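Below is one structure; the comments refer to it alone.
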Amino acid sequence: MKDLRKSVSVILDMYEEAMQAIITGEEISNVHIQKKKEEVLLLDEKMRKSHAERVGKKKCNANMTVEYNNILHNIDRMGNSCVNLVDTALNHVNFRVFLAEEGEAQV
């Protein structure tokens, strides 16, 4: 649970930074976000290995592996989504652009 919480916490940080950049148009470091994404990937790898060890020692039910891997897969997808949001911010797409486009459509 500690590593799951850590992964979700890192992803939440990534999301907040990406959304802040999109909302305000502030610059954001793609390198910084990629490092956070790498941290999530390393935690994912650690959690998968730990689960396999628990199953091997009969401390965990092997039937739960699919569900556990689905949770880890979804965490990875959230991290990828945050990276995509950063790419959007780096391409200078922000809410002001969307609002301007909406205003043009109404004129």
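Read-outs throughout are calculated quantities, based only on the coordinates presented, and are distinct from any laboratory measurement. Predicted model only: the values in this text are computed from it and were never measured. Counting neighbours? That spans all protein chains shown, and the Cβs are built from the backbone with ideal geometry, glycine included.
Using only Cα atoms, what is the ratio of the radius of gyration of the chain to 2.2 N^0.38 Å? Walk me through the numbers on the way to the answer.
Numbers: Rg = 18.3 Å, N = 107, 2.2 N^0.38 = 13.0 Å.
Normalised Rg, Cα atoms only: 1.41.
Can you give me the angle between helix 2-24 and the longest principal axis of the chain, using Cα atoms only, in degrees from 0 to 90, rounded to the nearest 10?
10 degrees
Got a sec? Which residues in the stretch 21-61 would a label at HIS92 touch, if it sits 7 Å along Cα→Cβ and we count backbone N under 14 Å?
25-28
So which of LYS36/LYS58; LYS37/LYS58; LYS2/LYS57; LYS2/LYS36; LYS6/LYS59; LYS6/LYS35 end up more than 26 Å apart, counting from Cα to Cα?
On the way: LYS36/LYS58 33 Å; LYS37/LYS58 31 Å; LYS2/LYS57 20 Å; LYS2/LYS36 17 Å; LYS6/LYS59 22 Å; LYS6/LYS35 14 Å.
Violating the 26 Å Cα-Cα cut-off are LYS36/LYS58; LYS37/LYS58.
Nearest 0.05, what FRET efficiency do HIS73 and HIS32 give at R0 = 25 Å with Cβ-Cβ as r? Kindly include the intermediate steps, with their values, before the conclusion.
Numbers: r = 24 Å, r/R0 = 0.97.
Given R0 = 25 Å and the Cβ-Cβ separation, E is 0.55.
Going by C-beta contacts inside 10 Å, put ASP3, ASP44 in order with the fewest on the left. Kindly include the intermediate steps, with their values, before the conclusion.
Values: ASP3 15, ASP44 19.
In order of increasing Cβ crowding within 10 Å: ASP3, ASP44.
Once you charge only the Cβ atoms, +1 for Lys and Arg and -1 for Asp and Glu, what is the size of the charge dipole of the stretch 2-106 about its Cα centre, to the nearest 20 debye? Walk me through the numbers on the way to the answer.
Working: 15 positive and 17 negative charges, 229 e Å.
Once rounded to the nearest 20, the dipole reads 1100 debye.
Calculate how steeply helix 95-106 sits against the longest principal axis of the alpha-carbon atoms of the chain, using the helix alpha-carbon long axis, and give the answer as 0 to 90 degrees to the nearest 10.
The angle comes out at about 50 degrees.
Considering the options ALA52, MET19, ILE75, tell which one lies farthest towards the positive end of the dipole of the stretch 2-106, charges being +1 on Lys and Arg and -1 on Asp and Glu at the Cβ, about the Cα centre.
ALA52
Run the helix sum for the chain: -39,500 (n - 2.57) per DSSP H stretch of 4+ residues, divided by residue count, reported at 222 nm to the nearest 500 deg cm²/dmol. Please list the in-between numbers first.
On the way: 4 runs with 88 residues, N = 107.
Rounded to the nearest 500, the figure is -28500 deg cm²/dmol.
Over the chain, calculate the relative contact order: mean separation of alpha carbon pairs under 8 Å at least 6 apart, over the residue count, as a percent. Numbers along the way, then the final one.
Working: 83 pairs, mean separation 48.3, N = 107.
RCO, the chain: 45 percent.
Pop out the ³J(HN,Hα) list for the stretch 42-52 in order, Karplus 6.51 cos²θ - 1.76 cosθ + 1.60 with θ = phi - 60°, rounded to Hz; leave Gly and Pro as x.
Result, rounded to whole Hz: 5, 5, 4, 4, 4, 5, 5, 5, 4, 5, 4.
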